[in-house]
Amino acid sequence: MPMNRTHQTDLIVALDFPRADKALEIVEKFSDLPVIFKVGFELFMAAGPEFVRELVHRKCRVFLDLKFHDIPNTVAKAALQASLMHVEMFTVHLSGGSAMIKAAATALAEIPALRPKMLGVSVLTSFDDVCWSQVTKAITGHASDVADSVAGLVEHATAWGVDGVVCSALELGFIREQFPNLYTIVPGIRPEGFEASDQARVMTPAEAAALGASAIVVGRPITEASDPRKMAEDILKELSLVKISA
Ligand code: C5P
């Protein structure tokens, strides 16, 4: 069990919509719920930084999930723009390596008052061991399983300057044991009875919370529900029932 988790697991709602008005419907319905809104590629491509600024203007907590992965200078400048937008957190790919992540951390340190959390994406939750071993074999000549790659990446990540990591619930156990204070965001969450769709490594909200997730990301189970607000409320209730062992 986690050693240092002192607060309940946060719920991050993935606003994966092709239009701002669709996303705003959810934001308005959820205005009094304690959730964080995640803006990813689809919505950012459709509605752009203006949408992110609109959420911040409405005093929403925003997680900008654009998974930066580029040369260090480019990622450092993108990280600075994310902080100027006043988002609470944003993502980079850990496979971008030390120079890229350290450059982003240095850029963030320039405006400490605005500094968002920088989260490192380890291995996407849509990968299973078979698909991941194809990728690692193609790159290195050796097949690695997901757990080994996540462990290796997370170990470096903490030294490189990220504030937390994005991982699947299946890797939470060993991450919590080795890095009890690391902020962990867990996608691939499926409430009981929900199909996994393209997610390969899934767990229920309560299971991920019991394993010590700092926050869970839920997209389609909420956005495609007949009553999204009720689904979010049910998940918040499920999370609140999980005991915290601080
Ligand atoms: O609809 P679903 O609940 O599967 O949405 C999961 C969200 O989390 C998506 O926006 C996806 O981009 C994001 N995500 C993920 N796996 C990661 C990182 C982010 O599924 N490793």
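The values are calculated or read from the model by the stated rules, or taken from the named source; none is laboratory data. Computed from a prediction, not measured in an experiment: that's the story for all the values here. Every residue, glycine as well, gets a Cβ built from its backbone with ideal geometry; the counts of neighbours run over all protein chains shown.
Data for the structure
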read-out: Residues of the range 112-135 satisfying the condition of being within 16 Å of the ligand (Cβ to nearest atom), outside any loop (DSSP other than H, G, I, E, B) and out of contact with any strand residue (DSSP E or B) (no Cβ under 8 Å at 6 or more places or on another chain); value: Asp129, Cys131, Trp132, Val135
read-out: Qualifying position, being in contact with a Leu (Cβ under 6 Å, 6 or more places away or on another chain), modelled with pLDDT under 95 and over 20 Å from Met45 (Cα atoms), among Ser126, Ser149, Ser122; value: Ser122
read-out: Qualifying residues in the range 7-30 (those that are away from the ligand (no atom under 11 Å from the Cβ), in contact (Cβ under 8 Å) with a residue 12 or more places away in the chain and not hydrophobic (A, V, I, L, M, F, W, C)) - the one surrounded by the most Cβ atoms within 10 Å (Cβ to Cβ); value: Thr9
read-out: Condition check for Glu155: under 22 Å from Ile71 (Cβ atoms) and among the charged types (D, E, K, R); value: no
read-out: Which numbered condition Ala109 misses (of (1) of a type in the set (A, V, I, L, M, F, W, C); (2) surrounded by 15 or more Cβ atoms within 10 Å (Cβ to Cβ); (3) more than 16 Å from Ser95 (Cβ to Cβ); (4) away from the ligand (no atom under 13 Å from the Cβ)); value: (2)
read-out: The range 206-233, residues that are part of a helix (DSSP H, G or I) and more than 15 Å from the ligand (Cβ to nearest atom); value: Ala206, Ala209, Ala210, Arg229, Lys230, Glu233
read-out: Cβ pairs under 9 Å, 6+ apart, first in the range 97-120 and farther than 18 Å from His69 by Cβ, second at pLDDT below 95 and of a type in the set (D, E, K, R); value: none
read-out: Count - residues of the range 32-81 that are part of a helix (DSSP H, G or I), small (Gly, Ala, Ser) and farther than 19 Å from Ala99 by Cα; value: 3
read-out: Positions within the range 177-205 being more than 10 Å from the ligand (Cβ to nearest atom) and assigned to a strand (DSSP E or B), in sequence order; value: Tyr183, Thr184, Met203
read-out: Hits in the range 31-52 - residues which are exposed (fewer than 14 other Cβ atoms within 10 Å of the Cβ) and more than 18 Å from the chain's Cα centre (by Cα); value: Ser31, Asp32, Leu33, Met45, Gly48, Glu50
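Residues are listed down the side, and each one gets a yes or a no for (1) within 15 Å of Ile12 (Cβ to Cβ); (2) touching a residue at least 24 places away in the same chain (Cβ under 8 Å); (3) surrounded by fewer than 21 Cβ atoms within 10 Å (Cβ to Cβ):
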| site | (1), (2), (3) |
| --- | --- |
| Pro191 | yes, yes, yes |
| Asp198 | no, yes, yes |
| Val202 | no, yes, yes |
| Ala215 | yes, yes, no |
| Ala225 | no, no, yes |
| Pro228 | yes, yes, yes |
